[in-house]
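Enquirer: Input: one structure, supplied below.
The values are calculated or read from the model by the stated rules, or taken from the named source; none is laboratory data. What you see is a predicted model; the values in this text were computed from it and never measured. Cβ placement follows ideal geometry from the backbone for every residue including glycine, while neighbour counts extend to all protein chains displayed. What goes into the accessible areas is simple: the full protein's heavy atoms, side chains included, and nothing from ligands, DNA or RNA. Shrake-Rupley method; radii C 1.70, N 1.55, O 1.52, S 1.80 Å.
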Amino acid sequence: MNNILVVNVNWLGDAVFSTPFFKALKGAYPQARVSCLCVPRVKEVLEHCPYLDKIIVYDERRKHRYPWKKLKLIGYLRRQKFDAAFLLHRSMTRALMLYLAGIPRRIGYGKFQGLLTDPVPMKAEDIHRSDYYLKVLEAYGIKIQDRLCELRLNLEDIQAVDSKLKQAGIPLSENYVVLNTGGNWGLKRWSPDAFIALGRRLSQEFGLKVVFPGAEKDREQCLRMAQAAGPGAVALAGETSLGESLALYKRSVGVISADSGPLHLAHSVGANVVGIFGPTRPEITGLRGPGRVQILFKDVGCNKAPCYHLACTNNVCMQSVTVDDVFQAFRKIYP
């Protein structure tokens, strides 16, 4: 195979978990051109994957929302003359697009009669998300030698972050810890008050600066938390691109976060991390990067995680993780 398309997944953390797939594919077909069809939210992540040659954006909610726009994209895929396509998750729409694009080999999950030439059977077993994707390659006969999730840094992002940290009062000579307070749904988030207390303690006992990153929508909350955490804390929410965030994580002495995209991004560039898990399970979405890691997960007995019980009112699985629990876990990855 010389021209291969991979239809990727929809979330930041899952995109990180897909990176060993591209590495294994390039290892099996080193001369092949590997392209990826992905949604806009993961494009920036995949731009830092060293095993990808081209990214094709499928904007199913906007640009490609209407059938005639999908047909235009299908026409584009047809003109690329792909030899094969790998589908990493069940999606009848995407499987149909591959079929209509005339790609001769279509490998992936799903029981869509005739749409896939090589359907991969799905078993009712709890496996790590990255292994779930790699099983598509294994079913095709490709052996997996490396399951490490890795992203690359760009020099311009490193330089930009160094400049922004200096402006915030953190020169290269000072160590800092990153406290990521966000999460794509509320039940996965650790308490803001707990993060504030942890920031104070890390600053007081280790003399560390504390950085609160995040998206623009998190800026006000991060500013409040940085103020409450004391003079050694700064907020950079809304001030860094994804690539600059990767550099921010890498230069830190540690990243502390609930199970979220930023946690996996941080570990993928070799940052040492403490991951706080509650309604999700480390066995399924645990860390797979090259850095040191400590995972905190307490089985509180209310539900089998991942529970996805969005109506939960007490969030006891996350509240059961104390500030001291996280502080002691951080001591194991620092210095």
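Enquirer: Which count do you get for residues in the range 167-195 that are farther than 18 Å from L12 by Cα and open to solvent by 20 Å² or more (accessible area, probe 1.4 Å)?
Expert: 11
Enquirer: Could you tell me which numbered condition Y66 fails, if it satisfies all but one of (1) at pLDDT below 95; (2) open to solvent by less than 10 Å² (accessible area, probe 1.4 Å); (3) of a type in the set (S, T, Y)?
Expert: (2)
Enquirer: Just a yes or no: is a residue in the range 210-233 open to solvent by less than 30 Å² (accessible area, probe 1.4 Å), β-branched (V, I, T) and closer than 21 Å to Y334 by Cβ? Walk me through how you get there before you give the answer.
Expert: In the first step, residues of the range 210-233 are kept if they are open to solvent by less than 30 Å² (accessible area, probe 1.4 Å); the result is 210-214, 218, 222, 225-226, 229-230, 232-233.
Within this subset, residues satisfying the condition of being β-branched (V, I, T) are 210-211.
Still in the running and closer than 21 Å to Y334 by Cβ: 210-211.
Within the range 210-233 (the criterion being open to solvent by less than 30 Å² (accessible area, probe 1.4 Å), β-branched (V, I, T) and closer than 21 Å to Y334 by Cβ), the answer is yes, since at least one residue qualifies.
Enquirer: Another question, if that's okay. What number of residues in the range 84-110 are more than 21 Å from G141 (Cβ to Cβ) and surrounded by fewer than 17 Cβ atoms within 10 Å (Cβ to Cβ)?
Expert: Residues of the range 84-110 more than 21 Å from G141 (Cβ to Cβ): 90-94, 96-97, 99-102.
Then drop every residue that is not surrounded by fewer than 17 Cβ atoms within 10 Å (Cβ to Cβ), which leaves 90, 92-93, 96, 100, 102.
Total satisfying the criteria: 6.
Enquirer: Taking the range 51-70 as the region of interest, how many residues are part of a helix (DSSP H, G or I) and either touching a residue at least 12 places away in the same chain (Cβ under 8 Å) or on the phi > 0 side of the Ramachandran plot (or both)? Lay out the reasoning, then the answer.
Expert: Start the filter on the range 51-70 by keeping residues that are part of a helix (DSSP H, G or I), which leaves 67-70.
Narrowing further to those that are either touching a residue at least 12 places away in the same chain (Cβ under 8 Å) or on the phi > 0 side of the Ramachandran plot (or both): 70.
Total satisfying the criteria: 1.
Enquirer: Same structure, new question: Test L151 against the criterion of being of a type outside the set (S, T, N, Q), under 18 Å from the mean Cα position of the chain (by Cα), assigned to a loop (DSSP other than H, G, I, E, B) and at pLDDT 95 or above, and give yes or no.
Expert: Working: of a type outside the set (S, T, N, Q): yes; under 18 Å from the mean Cα position of the chain (by Cα): yes; assigned to a loop (DSSP other than H, G, I, E, B): yes; at pLDDT 95 or above: yes.
Spelling it out, L151 is indeed of a type outside the set (S, T, N, Q), under 18 Å from the mean Cα position of the chain (by Cα), assigned to a loop (DSSP other than H, G, I, E, B) and at pLDDT 95 or above.
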